[in-house]
Amino acid sequence: MNLIEARGLSHSFEHLLYNNINLDIKEKESVAVLGVSGSGKSSLINNLSTLLKPKSGTVNLNGKDDIYNRSDNEILAIRKNEVGIIFQSHYLFRGFSVLENLKVASILTNQKIDMELLEKFGISGLLKQQISELSGGQQQRLSIARVLQKRPKIIFADEPTGNLDKNTSTKVMEVVFDYLAKYHAAMLIATHDMEIAKMCNRIFYLKDCKLVEV
């Protein structure tokens, strides 16, 4: 089953970023998108993840056709219940502790805090610490763990390992790939890291307004 389907997707701001893109991503599948800064990788993530309506084309997520033709409440429900978005920035609540950040996500998504997942990310011993006391890498791992805790069927990741060293990046992504297999989820990741891209099932380049598989 395709969890992500894009048909005829086009987007632009002051100039055309991409035009007439078609993309299918199945259960348990991971797809990496490479491209230079400004090529439109983040915009593509936003178009597909319910955050930004494309200039043209349709997006289907988890069997729900043409999501941007739905009401704002329906789109919000899809984003809340079925989509997990890992941003370059952490978007953690800085006045809260690690545990309080996880509790907020737990309440919003009606999911229990997954201690096993926190252990895999090496942050289970940090629950009492304030966000401001964490390193950039610890914050990033917490951010990713918080997204996975909501049990999304579809993960969108924009440079998710940008604040991590090579060894930690590999370990973190292995946890994410295990999640895809366990929960029959799908992932689209935008990255500059070729080693991370090679861990995915397929790799695309976004160049000259086109998405080309390599």
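Just so you know, all these numbers are worked out from the coordinates, no wet-lab data involved. All figures in this text were calculated on a predicted structure; none of them were measured in a lab. Positions of Cβ are generated from backbone atoms using ideal geometry, with glycine treated the same way; all protein chains shown enter the neighbour counts.
Couple of notes before you dig in:
- For the chain, adding -39500 (n - 2.57) for each run of n ≥ 4 DSSP H residues and dividing by the number of residues yields -10000 deg cm²/dmol at 222 nm.
- Residue exposure sequence - HIS15, HIS90 - by fewest surrounding Cβ within 10 Å: HIS15, HIS90
- Relative to the longest principal axis of the Cα atoms of the chain, the long axis of helix 98-109 makes an angle of roughly 50 degrees.
- Principal-axis tilt of helix 72-81 within the chain, Cα atoms, nearest 10 degrees: 50 degrees
- Relative contact order computed over region 73-214 (Cα-Cα under 8 Å; 6+ residues apart), in percent: 26 percent
- Here the average projected area of the convex hull drawn through the C-alpha atoms of region 147-214 stands at 5.0 nm².
- Projected over all directions and averaged, the alpha-carbon convex hull of region 1-56 occupies 4.0 nm².
- Against the rule of thumb 2.2 N^0.38 Å, how large the Cα Rg of region 17-119 comes out: 1.26
- With neighbour counts taken as other beta-carbon atoms within 10 Å, the residues LEU16, LEU164 rank, fewest first, as LEU16, LEU164.
- Taking the fewest neighbouring Cβ atoms within 10 Å as the starting point, the ordered list for ARG141, ARG79, ARG202, ARG94 is ARG94, ARG202, ARG79, ARG141.
- Computed over region 48-172, Kirkwood Rh from alpha-carbon pairs, angstrom: 15.5 Å
- The tail of the calculated P(r) for region 68-111, taken as Cα-Cα distances beyond 12 Å, holds 70 percent of the pairs.
- Kirkwood-type radius of the chain, with distances r between different C-alpha atoms, in Å: 17.5 Å
- Fully extended contour minus Cα-Cα distance, from LYS128 to ASP208, at 0.36 nm per residue: 24.0 nm
- Rounded to the nearest 10 degrees, the inclination of helix 166-182 to the longest alpha-carbon principal axis of the chain is 70 degrees.
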